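The structure appears right after this line, and notes come after that.
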Amino acid sequence: AELTTHRDPLLPEERRRKKLGKGRPSDQHSSSHPKIAKVELLDVKTLKRHLAPSDASDSTGRRSGGKLRVLCLHGTASNKKIMQFSLRSIMSQTKDYVEFVAVDAPIRLNDLQTDLWGDPEILRFFGKNLSYFLWYKHEMRSSDHKRSVNLPTAQWYKGTHVVGLENSLKALAAVYREQGPFDGVLGFSQGAAMATLLAALKPSWFRFVISLAGFVSPPAESIFDESSGKLPPLLHVHGEGDATVSLAHGKHLCSKFQEARVVTFRGGHRPPAKGQVKYDRFV
């Protein structure tokens, strides 16, 4: 059985009522559905331990005489090849002084999972011969933890639990150890959620963060609330017509950073096209 709708705390009341149905109280659960579990906040100390073992210098910086180096994290049901293709705009603007290092998330998806979490247009364009990955799953669980639902991409904000995050942090620690250090980290959608989360856990690893349609997963609120010290400056880029991650969610992410700038463009849930956003001044 499906779990009942869990309302989005950042969705305006009039839109919320429209989504739930006229006259239906938004704060009550149908008796035919189990109650939703409370959001299980992530344990910051445990997550930091996954990032602790590293032979690389725990600091930012270019390799001797080289370009600025930016770690790039793709979105849900994507991969590093698609991420590189999506970043053509920023790469062309900064090619003379920035090296972008895109990596795959450690969770490989099967065909059914790819259909659940993938963007249909992306899948049609790149085909299913590629491997697709994600950083973690959003689950909505019942209060007795006997039932759970893997949430589709557009319903990420309903998640009461995240699954797979620890393995992704271990994988990123290995990337930092083997390919770091990096000057910045950039991510799109769930990759941006991961990039900002990583910067909150390890602010000394990066000098800046670029979020493309990023958000804060509900269980990750604790990471930002318990972060100590100043976080790297954040540039948040958001499509005005984004139906997957609302601008309100993007601004909520920005509120977690001491220094954050929001830039919008005409478009949906995608990185901006060439000429829509100027990154070079920020970088």
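The values are calculated or read from the model by the stated rules, or taken from the named source; none is laboratory data. Remember, it's a predicted structure, so these values are computed and weren't measured experimentally. Cβ placement follows ideal geometry from the backbone for every residue including glycine, while neighbour counts extend to all protein chains displayed. Calculation scope for accessible area: heavy atoms of the full protein, side chains included, ligands and nucleic acids excluded. Shrake-Rupley method; radii C 1.70, N 1.55, O 1.52, S 1.80 Å.
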Open item on the list: Quick check on my link table: of Lys230/Lys251; Lys48/Lys256; Lys45/Lys128; Lys81/Lys274; Lys48/Lys158, which ones sit more than 28 Å apart, alpha carbon to alpha carbon?
Closed with: Lys45/Lys128
TODO: For Ile210, Ile107, write out the residues from largest to smallest accessible area, computed with a 1.4 angstrom probe and no ligands counted.
DONE: Ile107, Ile210
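Per residue, how big is the convex hull around the C-alpha atoms of the stretch 97-212? Give it to me in cubic angstrom, could you? Intermediate results must be reported in sequence, preceding the final value.
Working: hull volume 15.3 nm³, N = 116.
In the stretch 97-212, the Cα convex hull volume per residue is 132 Å³.
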TODO: Would you mind counting up the charge near Val39? Only other residues with Cβ under 12 Å from its Cβ, with Lys and Arg at +1 and Asp and Glu at -1.
DONE: 0
Task: Percent carbon-and-sulfur accessible area, the stretch 129-283, ignoring ligands, DNA and RNA, probe 1.4 Å - done: 44
Task: Relative contact order of the stretch 58-141, pairs being alpha-carbon contacts under 8 Å that are 6 or more residues apart, as % - done: 36
Task: Pairwise label distance in nanometres, Leu116 with Lys95, each label 7 Å out on the Cα-Cβ vector - done: 4.0
TODO: Report the calculated FRET efficiency for Phe85 and Glu178 (r = Cβ-Cβ distance, R0 = 22 Å), to the nearest 0.05.
DONE: 0.40
Task: Net charge contributed by nearby residues that have their C-beta within less than 12 Å of Gly241 (K/R +1, D/E -1) - done: 0
TODO: Provide the per residue accessible area, probe 1.4 Å, for the stretch 67-171, rounded to a whole number of square angstrom.
DONE: 47
Task: Using a Förster distance of 25 Å, the FRET efficiency for Lys274-Arg124 (Cβ separation, nearest 0.05) - done: 0.70
- [ ] Under 16 Å Cα to Cα from Lys67, which lysines show up? Leave out anything in the same chain fewer than 8 places away.
- [x] Lys95
TODO: Can you tell me how much longer the chain between Lys38 and Val263 gets when fully stretched, taken as 0.36 nm per residue apart minus their C-alpha distance, in nm with one decimal?
DONE: 77.7 nm
TODO: Would you mind telling me the antiparallel percentage of the DSSP bridges in the stretch 133-216, rounded to 5?
DONE: 55
